[in-house]
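Right, one structure below, let's go through it.
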Amino acid sequence: MAVPYGIYDPARNQGFVVVGTSYETPAFAVDAVTLWWKSYRQRMCGRAKELLILADSGGGNSARSRGWPYHLQQKLVNPHRLTVTVSHYPPGASKWNPIEHRVFCQISKNWAGQPLKSFQTALNYIRTTTTLTGLKVRARLLRKKYEKGEKISAQEMKHLALTRHKTQSKWNYTLRPM
C-alpha cells in the first residue's frame with residue numbers, strides 16, 4: 001500500500017510528497033507536515049514563527065478529527081515553537097486546494113497510467129514531476145506503521161493551546177506553543 005500526502009508551497013512553486021506505507025491517519029498527516037518542515041521549510045524560512053496550513057476536510061487532516069490538532073500540537077507546534085493556523089476547506093471543496101490541481105494532477109500526468117510496481121517507482125515519478133512554470137516536487141518514503149481508529153479524549157483536547165476563530169470556528173483555528 002502506498003499512501004501519498006502532499007504539501008504545496010505556492011510562493012516557491014514547490015511540492016513535497018510523503019509516501020506512507022500504512023494508513024492515512026492524523027498522526028501520519030502531521031508526521032508528513034513535520035518532515036517537510038524539518039527537511040526543507042525550516043531552512044528556507046530561517047526563524048519563521050508562524051505557519052498557515054490550508055487543509056482539505058477529509059483523510060488524515062479532517063476538520064472533524066481530534067487527532068489532527070492533537071498531533072500538530074505535540075509534534076510540530078510545541079517542539080518547533082511554531083504558531084500554526086489551520087483553515088480547512090469545506091467538505092466537497094478540496095478541489096480548490098492547490099495541492100490537487102497544482103501538484104497531484106501533474107504527478108498523475110507524469111506517470112500517465114504506468115503501473116507503480118514499487119515504492120521506488122512511485123517516488124521516481126513524483127520526483128521527476130515538473131512543469132513549464134517551474135514546479136519541482138520532492139518526495140520521501142515513510143515506512144512507519146500507523147493504526148486507524150486512534151481515540152483522543154476530551155480531556156486531552158482541553159490541554160491544547162487551541163483558539164478557534166470567530167468565522168467558521170469548526171474549520172479555522174490557531175495552535176500556539178505551550
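Observations
- GNM result for the chain, Cα springs below 10 Å: residue of A122, A29, A11 fluctuating most strongly: A11
- Of K49/K170; K38/K75; K49/K95; K49/K75, those spanning more than 18 Å from alpha-carbon to alpha-carbon: K49/K170; K49/K95
- In loop segments of the stretch 124-178 as defined by DSSP, the trypsin sites (Lys or Arg not before Pro) with at most 13 further C-beta atoms inside 10 Å of their C-beta are R143, K144, K145, K148, K151, K166, K170.
- Placing a label point 7 Å from the Cα of T85 along the Cα-to-Cβ direction, the residues of the stretch 157-176 whose backbone N falls under 19 Å of that point are 161-176.
- Under-5 Å amide H pairs with V137, H placed in peptide plane, nonlocal only: G15, T129
- The stretch 89-105 residues near the modelled T131 label - backbone nitrogen below 14 Å, point 7 Å along Cα→Cβ: 96-105
- On Cα atoms only, tilt of 26-36 relative to the major axis of the chain in degrees: 70
- Between F104, F16, F119, the Gaussian network model of the chain with springs among Cα atoms under 10 angstrom shows the greatest mean-square fluctuation at F119.
- At full extension, N78 and R47 could sit 9.7 nm farther apart than now, given 0.36 nm per residue minus the alpha carbon distance.
- Rough spin-label spacing in nm, given labels placed 7 Å along Cα→Cβ, for Y23 and K145: 1.3
- A Förster radius of 35 Å combined with the Cβ-Cβ distance from S169 to A2 puts the calculated FRET efficiency at roughly 0.50.
- Candidates G67, G92, G20: whichever shows maximal mean-square fluctuation once the chain is modelled as a Gaussian network with Cα springs under 10 Å: G92
We did not get these values from a lab; they are worked out from the coordinates using the rules stated. Computed from a predicted structure; not experimentally measured. For neighbour counting, all protein chains shown are included, and Cβ atoms are generated from backbone atoms with ideal geometry for every residue, glycine included.
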